[in-house]
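A.B. asks: Here it is, the structure, as structure tokens.
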Amino acid sequence: MRDGSQSGLKWMIALVRVTLGVIFILFGEYKLVSRDFAYHGFQQYLAQFLDGNMAVHWYRPFLEKVVVPHATIFGYVFGTGELLVGAALVTGVMVRPAAVGGAFMMLNLLFSEWNGVGAGAPLWKYFGAQLDHICPLMLMLIFLADSEPKLSLQRFFGRGPRA
């Protein structure tokens, strides 16, 4: 019975991985296909995060001094990162590095908009606005899952050294 439940768990993790990968591809694609995100949209998000005092206090200087002056570059880097993470998750190739990269990107987003609902907001709004926590948690689950994922093209690329 244990083998059946383990197999079911592996298929569930594969389904979550592929679904999350498709989401990453969709978000990365729209950021790269049109110049609007890199040249205008990303700056608008940054201004909203900073003007609304949404960024975590210790992360704000990084946004102001590093990201804002180079916003166009960061816009393209973020879109490219999302596309690469999504492709890795969908294909099942280099899943663990992609999970780490995706979690890093999502944590940066969380630090940028953590205080989005503001003080005195109803409790349900706070939890609704913080649903972004689910994505890094799913990526952590994918990272910790079996090193040979289901629905993976990894078998076509041979096996690397085992730990």
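A.B. asks: Net charge near Ile142, counting Lys/Arg +1 and Asp/Glu -1 over other residues with Cβ under 9 Å of its Cβ? Mind dumping the intermediate values first?
C.D. replies: Details: positive: Arg17, Arg96; negative: none.
Net local charge, Ile142 excluded: +2.
A.B. asks: Not counting ligands, DNA or RNA, and with a 1.4 Å probe, what is Ile25's accessible surface area in Å² rounded to the nearest 10?
C.D. replies: Ignoring ligands and nucleic acids, Ile25 comes out at about 50 Å².
A.B. asks: For Leu141 and Glu64 in the same chain, what is the full-extension length gain: residue separation times 0.36 nm, less their Cα-Cα distance, in nm?
C.D. replies: On the way: separation 77, 0.36 × 77 = 27.72 nm, distance 3.23 nm.
Full extension of this stretch gives 24.5 nm more.
A.B. asks: Report the net charge of residues surrounding Phe49, where surrounding means a beta-carbon distance below 9 angstrom and charges are Lys +1, Arg +1, Asp -1, Glu -1. Don't jump to the answer; show the numbers that get you there.
C.D. replies: Working: positive: Arg60; negative: Asp51, Glu113.
Around Phe49, the charge tally is -1.
A.B. asks: So for each of 82-90, 64-72 I average, over its residues, the number of other beta carbons within 10 Å; can you give me the resulting order with the highest mean first? Walk me through the numbers on the way to the answer.
C.D. replies: Details: 82-90: 22.1, 64-72: 13.7.
In decreasing order of mean packing, 82-90, 64-72 become 82-90, 64-72.
The values are calculated or read from the model by the stated rules, or taken from the named source; none is laboratory data. Values in this document were obtained by computation on a predicted structure and should not be read as measured data. Cβ: placed from backbone, ideal geometry, glycine included. Neighbour counts: every protein chain shown. These accessible areas exclude ligands, DNA and RNA; they are computed on the full protein's heavy atoms, side chains included. Shrake-Rupley method; radii C 1.70, N 1.55, O 1.52, S 1.80 Å.
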